[in-house]
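Participant: Can you keep this structure in mind? I'll have questions shortly.
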Amino acid sequence: MHQVFESIKIALASLIANKLRAILTLLGMVIGVMTVIAVVSVINGMNKSVSEAIGQLGSTTFIIDKYGLVTSEEQWFKVRKRKDLTKRDMAAIDENCEYCQHVGASSFDRSMTIKRGSDKIGGTIVKGVTYNYIEIATTDIERGRSFTESDELHRRSVCVVGPDVAENLFPYTDPIGQKLKIGKYYFTIIGVGKPQGSILGVNQDNWAITPLSTYSKYFSRGGSIQIFVKAVEYTKMDEAMDEARAILRARRHVKYSEPDDFEFFTSESMMEIYNSFTQGAWLVLIGVSSISLVVGGIVIMNIMLVSVTERTREVGIRKALGARRKDILWQFLIEALTLSIIGGLIGIGFGSAIAKIIATSTPLPSSVETWSIVTGVLISSVIGIFFGIYPAMKAARMDPIDALRYE
Amino acid sequence: MLIETRDLWKTYVMGTETVHALRGVSIQVERGEYLAIMGPSGSGKSTLMNLIGCLDTASRGEYILNDRAVSGMNDDELAFVRNKEIGFVFQTFNLLPRATALHNVELPLIYNGTGAKERLEGAKAALSAVDLADRMNHKPNELSGGQRQRVAIARALVNNPSIILADEPTGNLDTATSEEIMDVFEKLHERGNTVIVVTHEQDIADCTQRIIYLRDGAVEKEVVK
């Protein structure tokens, strides 16, 4: 044990003795670990905010969609021919599905401009929803109320708007009860949603929803809807989906040998889709940034080779005094480790700082996790050992007589 | 018998040529002896010193040190024997330049796993024995040549080795300092240590009790006083 301390002391002493050299040596390692920590933190942050966004759907809710995930033109032509999902499909599921607690629907959304007199806000996401959608999709209302069955039944021109719409068009007055214009039609505001900020730079607060029946009347006669189902409980998700599937297949006359002509989304399956799209990219990103780690390792190896040669005589003296091969091996290995770990720690510091700066100054989120710091230390130790072992072995194998004579 | 060599050969192959540095050297050294190994350069005295000091093994022949057959030992076994049995004193002192005198003297104790407290006490005692107790926190470049060699002697003593093996210990010192160092060896001998001095200087060799003369890799003659 005291040989380990001895080696660490020697390493620190030689670092202090050659300050400029030490800084240059550490720099490689610092840059390497810093890059990896920053990249990993940004990836972490993105994954986290996406999974939070998807998690909002809730673990007991699933969505039935006409198209599903389309990844090729060929597939698009195929799914386009499917029958639309209708309000009647929704009603059938509501009526016959035992494990479905709530069944709602929404139209596909459109980006529109909303006006109030001469004030306007563009790029607002507008869609029509059933009265129970807000409960199913866990959208929180901050002020006012949500839709009722009667709003939907009478196709009332009422809407719930996102906080951005309310703030932009009604900065000084209470928006509840006020009128605004979506497209060419006037709507009365009955509620304002809670602010949610942005996800991956996409604003989540600029939206407006109306009853589905109203939306169909003004904006999309016909057209498919997305059906939202909340299962009675998490453990009954599969049963609820099976029931809904059977009901839809029967209604849409899908032969038993044919696949479904509609798709399910759950928060889990959406997370899987996100992961399958991004995982490859993350690996490449981490791989590319790891190259600088290898460069850092090579710099350490280089300096250790120089150090071993410079201290040939010291190795000779130590061997003459009884140092075994492993004593010399450890001495130089620990020196390489000390270098790489110090570099790694500084790199973790800088990397975390960069991640924080990215999070505050760009739309990219970032999240520095304990595990990434632990991994950073581990990786720098592994690099220290990997690139330090060869110079250390070179020192350990020296012949004591030759080493003592070395000038 | 502390040291016994039987027909020791050391052969080096240099390209196509074979060079015999030692050609059958047989010597014996008793415990507590003070002797010199003398010879001109190329006589094989350095090679013999390396073999006696367990820095190297012979090509042929036997070397028994303190009832232990050294010939045929591997690197780590030799390191163990060097640590336990041999105290080296070199012509160029061979101190670690960045370490204090105290730390230099501690080194042999580090490699046999002595605890920190005992190590410090042992090193201090060894430095006191060579009258350097007041200089133990100085680095080699803050010490005179004679003081450096005394630090080296303290380092050689610290582990209580069977032999103190000095290779041209006065080669880098002036006459006055040389005498001072030879006095230290004389004292160590009086205390019962076995001291072997390898030298090419007759007046240094004359300080000892017995001189072994080497020439062309073989023992030429022995002179006992």
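Participant: Roughly how big is chain A's charge dipole about its Cα centre, with Cβ charges of +1 (Lys, Arg) and -1 (Asp, Glu), in debye to the nearest 20?
Facilitator: Working: 45 positive and 41 negative charges, 203 e Å.
So the magnitude is around 980 debye.
Participant: Compute the separation of the alpha-carbon centres of the stretch A:71-131 and the stretch B:87-133 and state it in Å as a whole number.
Facilitator: 85
Participant: Whenever you get a sec, compute what percent of the accessible area on the protein assembly as shown sits on carbon and sulfur atoms (1.4 Å probe). Don't jump to the answer; show the numbers that get you there.
Facilitator: On the way: 16550 of 30110 Å².
Carbon and sulfur: 55 percent of the exposed surface of the protein assembly as shown.
Participant: Among A:34, A:112, what's the order by accessible area (1.4 angstrom probe), most exposed first? Could the numbers behind the result be given before it?
Facilitator: Details: A:34 45, A:112 25 Å².
So, going from the largest accessible area down, we get A:34, A:112.
Participant: Please work out how many pairs of lysine residues in the stretch A:109-222 are eight or more positions apart (or on different chains) and have Cα atoms closer than 19 angstrom.
Facilitator: Summing the qualifying lysine pairs gives 15.
Participant: Distances over 19 Å make up what percent of all Cα-Cα pairs in the stretch B:74-215? Display every interim value, and only then the final one.
Facilitator: Details: 4962 of 10011 pairs.
Counting every Cα pair in the stretch B:74-215, those more than 19 Å apart make up 50 percent.
Participant: Write down the Kirkwood hydrodynamic radius of the stretch B:1-47, to one decimal in angstroms, obtained as one divided by the mean of 1/r over all alpha carbon pairs.
Facilitator: Numbers: mean 1/r = 0.0813 Å⁻¹.
It works out to 12.3 Å.
Participant: Next up: Please report the base-10 log of the normalised intensity I(q)/I(0) for the protein assembly as shown, using a Debye sum with one equal scatterer per alpha carbon and no solvent, at each q in 0.06, 0.08, 0.09, 0.10 (1/Å).
Facilitator: The Debye formula, applied to the Cα set alone, gives -0.58, -0.71, -0.81, -0.93.
Participant: Going by alpha carbons, how many degrees (0 to 90, nearest 10) lie between the helix axis of A:237-251 and the longest principal axis of chain A?
Facilitator: Rounded to the nearest ten degrees, it is 40.
Participant: How many angstrom separate the Cα center of the stretch A:315-352 from the Cα center of the stretch A:193-268?
Facilitator: Taking the Cα centre of the stretch A:193-268 as reference, the centre of the stretch A:315-352 is 60 Å away.
Participant: Please work out how much length the chain gains when fully extended from residue A:382 to residue A:185, using 0.36 nm per residue of separation minus the C-alpha to C-alpha distance, in nm with one decimal.
Facilitator: 64.4 nm
Participant: Using a 7 Å offset from Cα along Cα-Cβ at residue A:232, what residues in the stretch A:86-109 end up with backbone N under 15 Å from the label point?
Facilitator: A:94-103
Participant: Enumerate the lysines that residue A:255 could reach by cross-link, defined here as Cα to Cα under 23 Å, with residues fewer than 8 away along the same chain left out.
Facilitator: Result set, ordered by chain and number: A:66, A:78, A:81, A:83, A:87.
Participant: Here is a further query. Do any trypsin sites (Lys or Arg not before Pro) in the stretch A:1-98 lie in a DSSP loop with no more than 15 other beta carbon atoms within 10 Å, and if so, which? Mind dumping the intermediate values first?
Facilitator: Values: sites: A:9, A:19, A:21, A:48, A:66, A:78, A:80, A:81, A:82, A:83, A:87, A:88; in loops: A:66, A:81, A:82, A:83.
Those that pass, being in a loop and sparsely packed, are A:81, A:83.
Participant: Probe radius 1.4 Å, ligands and nucleic acids left out: can you give me the accessible area buried at the B-A interface, summed over both chains, in Å² to the nearest hundred?
Facilitator: About 2200 Å² of accessible surface is lost on pairing.
Participant: Another question, then. Using DSSP to call loops (not H, G, I, E or B), can you name the GluC sites (Glu not before Pro) in the stretch B:7-75 whose Cβ has at most 15 other Cβ atoms within 10 angstrom?
Facilitator: Values: sites: B:17, B:30, B:33, B:62; in loops: B:30, B:33.
Taking the stretch B:7-75 and a limit of 15 other Cβ atoms within 10 Å, the loop GluC sites (Glu not before Pro) found are B:30.
Participant: Another question about this same structure. Classify the stretch A:109-222 as rounded, prolate or oblate, taking a ≥ b ≥ c as the square roots of the eigenvalues of its Cα gyration tensor: rounded when a/c is under 1.5, otherwise prolate if a/b is larger than b/c and oblate if not. Display every interim value, and only then the final one.
Facilitator: Values: a/c = 1.33, a/b = 1.18, b/c = 1.12.
Since a/c stays below 1.5, the shape of the stretch A:109-222 is classed as rounded.
Participant: Note down the nm distance, to one decimal, between modelled labels 7 Å out along Cα→Cβ at residue B:16 and at residue B:215.
Facilitator: Computed distance between label sites residue B:16 and residue B:215 equals 3.2 nm.
Participant: Follow-up. Given contacts defined as C-alpha pairs under 8 Å and at least six residues apart, what's the relative contact order of chain B, whole-number percent?
Facilitator: On the way: 457 pairs, mean separation 66.8, N = 225.
Relative contact order of chain B: 30 percent.
Participant: Is the shape of the stretch A:264-373 best called rounded, prolate or oblate, per the rule: a/c under 1.5 gives rounded, else a/b larger than b/c gives prolate, else oblate, with a ≥ b ≥ c the square roots of the Cα gyration tensor eigenvalues? Don't skip to the end; give the middle numbers.
Facilitator: On the way: a/c = 3.58, a/b = 2.75, b/c = 1.30.
Prolate, since a/c reaches 1.5 and a/b exceeds b/c.
Participant: If R0 is 45 Å, what FRET efficiency do you get for residue A:142 and residue A:375 from their C-beta distance, rounded to 0.05?
Facilitator: Details: r = 40 Å, r/R0 = 0.90.
The pair residue A:142/residue A:375 has a calculated efficiency of 0.65.
Participant: Please work out how much accessible surface residue B:185 shows to a 1.4 Å probe, ignoring ligands, DNA and RNA, in Å² rounded to 10.
Facilitator: Here the residue's solvent-accessible area equals roughly 0 Å².
The values are calculated or read from the model by the stated rules, or taken from the named source; none is laboratory data. None of these values were measured; they are calculated from a predicted model. Ideal geometry is used to build each Cβ from the backbone, glycine not excepted, and the neighbour counts take in all protein chains shown. Remember, those area values only see protein heavy atoms, side chains included, never the ligands or the DNA or RNA. Shrake-Rupley method; radii C 1.70, N 1.55, O 1.52, S 1.80 Å.
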